[in-house]
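Quick notes on the structure that follows.
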Amino acid sequence: MSPSITIRHIRMISAVADATSLAEAGTRLAISQSSLSRHIAQAERVLGIVLFNRGWAGVSPTEPGSMIIVHADRMMARIATAQHALEAAGARPNELGHRLDWAMFAVLEAVRTCGSASLAARYLQISQPDVSRTLAKIGAAIGRPPFRRSSGRMVATDDVAILADLHLHLLAEMAAMAQTLANLRGGVTGRIVVGMTPFSEQDVIVRIFAEIMEQHGHVRLNAMTGSYAVLADALRKGEIDFILGQLRSPAPIATLTEIHLHDEWFSFIARADHPRALAARSLAQLAAESWVVGPLGTPIRRYFHEVILDEGLMPPLRICEITAFPLTEEMVASSDAIGLLTYSERKRGAMRPGLAILPWRDRREVRKIGLTMRKDQALDPAQTLFIAKLREELCPVGT
């Protein structure tokens, strides 16, 4: 990789990664946040990748960005080592990461080899004044002249040897960075952060994540659970990429959009050998039973209350609140409790042995399941792949 990405860019990338905030990194670097943001965007264009995700809570590295940051941090560590070596040799270096550039190293090497500014200028195909100005900048960066005159020649000081060694290490790290970029361009990269509401298709997410992790090692994967309100706020801020769960039709926030994947049906379940549930013909006959339902605020709990009130019944006293689908099935299978869950055709086929769906139907029982995302969201390759795999798993044939 040609050194078209500057050493200042490297310094800025490392600082932003460490601070996780453009504002904080700008303060550390004594540069405005807007200017720093422009420099980071320029570095991203040069590298051909997105280094950071920008959100309301700050910035975080993308998966490709996290690997480039490793190289940037190594380069900054090398610069710090060189600065300490110069200080030990009696020089007074001043923020080498801010002052050094690739042209300085080229001039240093040319003057050291040729022994004069004029010959170095001819070798580099630049003017002699340009060489002299660059040498002056190097002197300002390290606190003293890098060369001394002896018998009509410019002789390198020990400081030049330190800087030459630094140059070799930086070039080696740049070559390693180029190889990392080449590897990244050969596969799917990006991040997938999915927020899942209670009782959503969590087993499907686990299966898809396992496939992506096996096939594409440079994708950052993250799954979390939470209430719709909390997840919608995180999605709006860019902290997560998708919400999987019941659609609100339409999304309650104007900046969000929904993708319908499949339907589920509210279903009352019990043990297949339950002494009373299978013989019951109405909810009223089971009102005194123990119940396993979702917590207050979930769509399942709201549906449960609607059905209870429509039947003119009082809410049951014995309620166990569980938010995980398999745990609800386990609780029902291990007790005489009646459960309320939602089942797709796929889930019905994979229902836990020993359980049965009670034969009650209601016109309100359909629940639309899908993804919620930001309207302006630019999908990276990993997110596009994720949606495609999710459609394969959940969408009915022909949709």
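Points to keep in mind about this one:
- Pick from segment 221-248, criterion surrounded by fewer than 16 Cβ atoms within 10 Å (Cβ to Cβ) and touching a strand residue (DSSP E or B) at 6+ places or on another chain (Cβ under 6 Å), ranking: farthest from VAL204 (Cα to Cα): LYS237
- When the criteria are applied in full, ILE13 fails the requirement of being buried (at least 20 other Cβ atoms within 10 Å of the Cβ) and touching a residue at least 60 places away in the same chain (Cβ under 8 Å).
- The lone exception for VAL188 - which of (1) part of a loop (DSSP other than H, G, I, E, B); (2) aliphatic (A, V, I, L, M); (3) within 30 Å of ALA333 (Cβ to Cβ) it fails: (3)
- Candidates ALA103, ALA141 - the one that is in contact with a Leu (Cβ under 7 Å, 6 or more places away or on another chain), under 30 Å from PHE52 (Cβ atoms) and surrounded by 14 or more Cβ atoms within 10 Å (Cβ to Cβ): ALA141
- Between ARG148, ARG207, the distinction of being farther than 30 Å from VAL46 by Cβ, in the same structural domain as MET75 (by TED's automatic domain parsing) and either of a type in the set (Lys, Arg) or surrounded by 13 or more Cβ atoms within 10 Å (Cβ to Cβ) (or both) belongs to ARG148 only.
- If you go through segment 177-210 and keep only what is within 16 Å of PRO381 (Cα to Cα) and in contact with a helix residue (DSSP H, G or I) (Cβ under 8 Å, 6 or more places away or on another chain), you end up with LEU181, LEU184, VAL188, THR189, GLY190, ARG191, ILE192, VAL194, ILE208.
- With a requirement of 3 or more residues that are surrounded by 12 or more Cβ atoms within 10 Å (Cβ to Cβ), touching a residue at least 12 places away in the same chain (Cβ under 8 Å) and touching a His at 6+ places or on another chain (Cβ under 8 Å), the strands (runs of 3 or more DSSP E) lying completely within segment 289-399 that satisfy it span 366-374.
- Residue in segment 268-279 that is in the same structural domain as LEU385 (by TED's automatic domain parsing) and in contact with a Cys (Cβ under 6 Å, 6 or more places away or on another chain) present: no
- Here ALA234 does not qualify as closer than 30 Å to PRO353 by Cβ and either polar (S, T, N, Q) or outside any strand (DSSP E or B) (or both).
- Scanning segment 69-97 for residues that are more than 14 Å from ASP18 (Cβ to Cβ) and either within 22 Å of the chain's Cα centre (by Cα) or β-branched (Val, Ile, Thr) (or both) returns HIS71, ILE79, THR81.
- The set of residues in segment 16-53 that are within 14 Å of ILE68 (Cβ to Cβ) and of a type in the set (Gly, Ala, Ser) comprises ALA17, ALA43, GLY48.
- Within the option set ALA234, ALA178, being over 30 Å from GLY90 (Cβ atoms) and in the same structural domain as MET75 (by TED's automatic domain parsing) holds for one residue only, ALA178.
The values are calculated or read from the model by the stated rules, or taken from the named source; none is laboratory data. Model, not experiment: these values are computed from the prediction. With ideal geometry, Cβ positions are generated from the backbone for all residues, glycine too; neighbour counts draw on all protein chains shown.
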